[in-house]
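One structure is given below, encoded as structure tokens.
The values are calculated or read from the model by the stated rules, or taken from the named source; none is laboratory data. Here the structure is a predicted model, which means the values were calculated and not measured. Please note: Cβ atoms are built from the backbone with ideal geometry, for glycine as well, and neighbour counts cover all protein chains shown. To get the accessible areas, we keep the full protein, side chains included, count just its heavy atoms, and leave off ligands, DNA and RNA. Shrake-Rupley method; radii C 1.70, N 1.55, O 1.52, S 1.80 Å.
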Amino acid sequence: MKTRCLVISLCVILLSMPVWGQQSLTVMFFNTENLFDAVDDSLKNDDEFTPQGSYRWTEKRYWNKLDAVAKVIAAVGDDGLPGIVGLCEVENDTVLRDLTARSALKGASYRYVMTDSPDLRGIDVALLYRRGEFQLTGYESIPVDISGYSDSPTRDILHATGRIASGDTLDIYVCHWPSRIGGEKETEPRRMVAARQVRQSVDSVIAVRRKPYIIIMGDLNEGTDCPAVVEGLGAKGIDCGADLPDGELVTVMDHTGGSYRYQGRWDSYDQFVVSASFLNGLGCSNIVDEKVWRLEFMLEDDNDYGGKKPLRTFNGRRYQHGFSDHLPIGLRIEY
């Protein structure tokens, strides 16, 4: 009888233990496209997104936008909600509090951290995380000084550190690099400054981590083979990932078809750049999938160029109850 009880107890223990390769963490990034509240901030250029502004941004439209963002986040998880979510173009703490505590996500137990940047419009980057999947241990806001190239300040970089269930420590960078408004070549130096600022912080992490697990996510306003990514970050192509040392950076989105569409062309401005430790199979945590989520409800017909395009909140100044001009991107980490 004792033997039988012991066998049953061992079976219960074994069944309750995690099976290698069967636990996963979904990481998401999404450019929300103008997630503003409806209140005028006298210190920011947010007048367009007020009830009296050119977008007629009422409380109702604001809450519709929150519901839209919540719907996207809820739709992308492979096995439930994503454990880590990077966002850009969010205005302030009020917006994130409403998103996590008062929208359809209110029961999902998301916590958040964000930057408070000098961007003139007041848009920032943020990280949402579920505490059962990511234990935040620290974060910092890294300024990007482009005063030598522009009179308009840009967004800070958010660097968050935390542990996941495998026991590994992740260093996550959420970015929204300077835009291409004014010309790609003309604005390239601004993005190079942002890239080098990230690289400097990454190098400090690599210097102290025995095995660095680094995820750089964001709207970089650069393709995977552009100078700020290749030269500024020093990122290699994904085909090299399995042969690189742990601390090397690798782009992983160049085969996914792009998440931003302009004049009929999809571009990979939304990116993940990760440390090779995720790809070489030599550690506990490994990236097994990267994708653009082409959610049907986020798309509409492109009558000018054919195919589909993201369904935006506005078409010009015409409100169309959409989502964003970007699609969400994601990674799946197994351990």
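Might you check whether a residue that is surrounded by 14 or more Cβ atoms within 10 Å (Cβ to Cβ) and within 22 Å of Leu220 (Cβ to Cβ) occurs anywhere in segment 52-69? There is at least one residue in segment 52-69 that is surrounded by 14 or more Cβ atoms within 10 Å (Cβ to Cβ) and within 22 Å of Leu220 (Cβ to Cβ).
Residue pairs whose Cβ atoms lie under 9 Å apart, sitting 6 or more positions apart in sequence or on different chains, and linking a residue in segment 93-109 that is free of Cβ contacts under 8 Å to residues at least 60 places away in the same chain and of a type in the set (D, E, K, R) to a partner that is part of a loop (DSSP other than H, G, I, E, B) and open to solvent by less than 10 Å² (accessible area, probe 1.4 Å), do not occur here. The set of residues from segment 301-326 being closer than 25 Å to Pro82 by Cα and open to solvent by 50 Å² or more (accessible area, probe 1.4 Å) comprises Lys309, Arg312, His321. Scanning segment 120-156 for residues that are part of a strand (DSSP E or B) and either touching a residue at least 60 places away in the same chain (Cβ under 8 Å) or over 20 Å from the mean Cα position of the chain (by Cα) (or both) yields a total of 1.
Going through Ile157, Ile146 one at a time, which residue ends up being within 25 Å of Leu331 (Cβ to Cβ) and either in contact with a helix residue (DSSP H, G or I) (Cβ under 8 Å, 6 or more places away or on another chain) or open to solvent by 10 Å² or more (accessible area, probe 1.4 Å) (or both)? The unique qualifying residue is Ile157.
Residues checked against (1) within 27 Å of Ser201 (Cα to Cα); (2) at pLDDT below 95:
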{"residue": "Tyr260", "(1), (2)": "no, no"}
{"residue": "Arg265", "(1), (2)": "no, no"}
{"residue": "Tyr269", "(1), (2)": "yes, no"}
{"residue": "Ser275", "(1), (2)": "yes, no"}
{"residue": "Gly283", "(1), (2)": "yes, yes"}
{"residue": "Asp289", "(1), (2)": "yes, yes"}
{"residue": "Phe297", "(1), (2)": "no, no"}
{"residue": "Tyr319", "(1), (2)": "no, no"}
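With a requirement of 2 or more residues that are in contact with a strand residue (DSSP E or B) (Cβ under 7 Å, 6 or more places away or on another chain) and in contact (Cβ under 8 Å) with a residue 40 or more places away in the chain, the strands (runs of 3 or more DSSP E) lying completely within segment 181-297 that satisfy it span 213-219, 260-262, 270-275, 286-292.
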